[in-house]
Amino acid sequence: MRIISFNANGLRSAASKGFFDWFTTQDVDVLCVQETKAQEHQLAGPEFLPAGYKAYFRDASTKKGYSGVAIYSKVEPDEIRTGLGWPEFDEEGRYIEARFGNLSVVSFYIPSGSSGELRQGYKFEVMAWLRPILEQWLASGRDYVLCGDWNIVRSALDIKNWKSNQKNSGCLPPERDWLNGLCADLADEADAASGRGWVDAYRALHPEGQDYTWWSNRGAARANNVGWRIDYQFVTPGLRERLQACSIYRDVRFSDHAPFVVDYAG
C-alpha cells in the first residue's frame, strides 16, 4: 500500500505544474491533499481526476480559495467523514477521513501561526482541542494513518536553522512539546493511556534523517535546502511493522511543499 501526503498550496496551480502527470506514474493507493485552495466544483475536470481514482473534498466554507483538504483513492471508502465537531475548525476545511474496514486515512491541515498572535493563539486552541481526539483514536483499536501539514517541526533534525527559529511559529517549544508528546519513536515509549504512541513514519524509517518537506519561497531556500519537515504520516502502533520505505519527492517543484510518500506492507 502506498500513501502520499501533499500540501499543494493550490491544487489547480500544482496540476498546472505537472503534479497529476507525476502522480499517475506512482501507483498510489491513497493521496491526501492539503491546501486545495479551491471549491469542489473547480476541481471537477478530468485534469484533476486521474483515471481509476475517486476524489473526496472538504472545502473551506468560511473563505473561498482558502485551505481545503482532499483524499484520492483507488478503492471506494466505506465512509467519508469531514467534521470533528468544532465548527470553527471544520468550516476552514482542515480534516477529511476515509474509512476502509478497520483502517482510517486522514488528511489534516493544522493551522499556521506565522501571520501573528491571533492565529498563533488559535493554533494553540486547536492543539489543545485535538489532543483528546487523538488520544481516543489511539485507544480505539482502529488503524490510523494521519497525513498532512502539521506546521510544527519535532527537533533540530527537522529544520535547517534550528537556533534562529526558536521564537518562530512552527518551532516554538510548546508546539514541539505537544507534538513530541503524542509520538513514540521507540516501541517501548508508547503509552496509550496518556495519548503517546503515534509513530512518525519518516522518523521510524530514518532515525537520524535530516530531510525537509517545505521551503520558504523567499530567497533561494529550496535551492540551498534551507527547509523544515512539517509534513507527516503518523500511524498507530500496529502499523509500525508495516512501514517499508518512504521518500520526499523534490525533483519537480509542484508547490512550496514536496510530496511525502510512504510504502506499507500489505
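The values are calculated or read from the model by the stated rules, or taken from the named source; none is laboratory data. It should be emphasised that the depicted structure is a prediction, and the values quoted were computed from it without experimental measurement. Cβ: placed from backbone, ideal geometry, glycine included. Neighbour counts: every protein chain shown.
Does residue 158 satisfy the criteria of being in contact with a His (Cβ under 9 Å, 6 or more places away or on another chain), within 23 Å of residue 216 (Cβ to Cβ) and either crowded, with 21+ Cβ neighbours inside 10 Å or of a type in the set (Val, Ile, Thr) (or both)? Let's see the steps before the verdict.
Details: in contact with a His (Cβ under 9 Å, 6 or more places away or on another chain): no; within 23 Å of residue 216 (Cβ to Cβ): yes; either crowded, with 21+ Cβ neighbours inside 10 Å or of a type in the set (Val, Ile, Thr) (or both): yes.
No; evaluated as a whole, the condition is false for this residue.
Among the helices (runs of 4 or more DSSP H) contained in the stretch 1-102, which hold 1 or more residues that are over 24 Å from residue 130 (Cβ atoms) and in contact with a helix residue (DSSP H, G or I) (Cβ under 9 Å, 6 or more places away or on another chain)? Reasoning before the result, please.
Numbers: elements: 11-16, 19-23, 87-90.
In the stretch 1-102, the matching helices (runs of 4 or more DSSP H) lie at 11-16, 19-23.
Only one of 255, 247 is in contact with a helix residue (DSSP H, G or I) (Cβ under 6 Å, 6 or more places away or on another chain) and at pLDDT 95 or above; which? Reasoning before the result, please.
Numbers: 247 fails: in contact with a helix residue (DSSP H, G or I) (Cβ under 6 Å, 6 or more places away or on another chain).
Within the list 255, 247, the selection yields 255.
Restricting to the stretch 146-178, count the residues that are assigned to a loop (DSSP other than H, G, I, E, B) and among the hydroxyl-bearing types (Ser, Thr, Tyr). Let's see the steps before the verdict.
Our first condition is that a residue be assigned to a loop (DSSP other than H, G, I, E, B); within the stretch 146-178, this holds for 150-155, 160-162, 166-172.
Retained after the next criterion (residues that are among the hydroxyl-bearing types (Ser, Thr, Tyr)): 155, 169.
So the answer is 2.
So that you can scan it fast, the table gives a plain yes or no per residue for (1) within 21 Å of residue 29 (Cβ to Cβ); (2) of a type in the set (Asp, Glu):
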{"position": "208", "(1), (2)": "no, yes"}
{"position": "216", "(1), (2)": "no, no"}
{"position": "223", "(1), (2)": "no, no"}
{"position": "227", "(1), (2)": "no, no"}
{"position": "245", "(1), (2)": "yes, no"}
{"position": "249", "(1), (2)": "yes, no"}
{"position": "265", "(1), (2)": "yes, no"}
Please specify each residue of the stretch 120-145 satisfying the condition of being in contact with a helix residue (DSSP H, G or I) (Cβ under 8 Å, 6 or more places away or on another chain) and not in a helix (DSSP H, G or I). 143, 144, 145
Name the pairs: first residue in the stretch 25-50 and without any contact (Cβ under 8 Å) to a residue 24 or more places away in the chain, second residue acidic (Asp, Glu) and surrounded by 14 or more Cβ atoms within 10 Å (Cβ to Cβ), Cβ to Cβ under 7 Å, at least 6 apart or on different chains? 40/59
Qualifying positions in the stretch 1-55 - within 20 Å of the chain's Cα centre (by Cα), over 19 Å from residue 251 (Cα atoms) and of a type in the set (Asp, Glu): 29, 35, 40
Would you mind telling me which numbered condition in (1) more than 27 Å from residue 4 (Cα to Cα); (2) at pLDDT below 95 residue 173 fails? (2)
So, first residue farther than 23 Å from residue 112 by Cα in the stretch 230-252, second residue among the aromatic types (Phe, Trp, Tyr) and crowded, with 17+ Cβ neighbours inside 10 Å, Cβ within less than 6 Å, six or more apart or across chains; the pairs are 236/144; 242/264; 246/202
If you take the residues of the stretch 206-252 that are farther than 19 Å from residue 8 by Cβ and of a type in the set (S, T, N, Q), which of them is surrounded by the fewest Cβ atoms within 10 Å (Cβ to Cβ)? 224
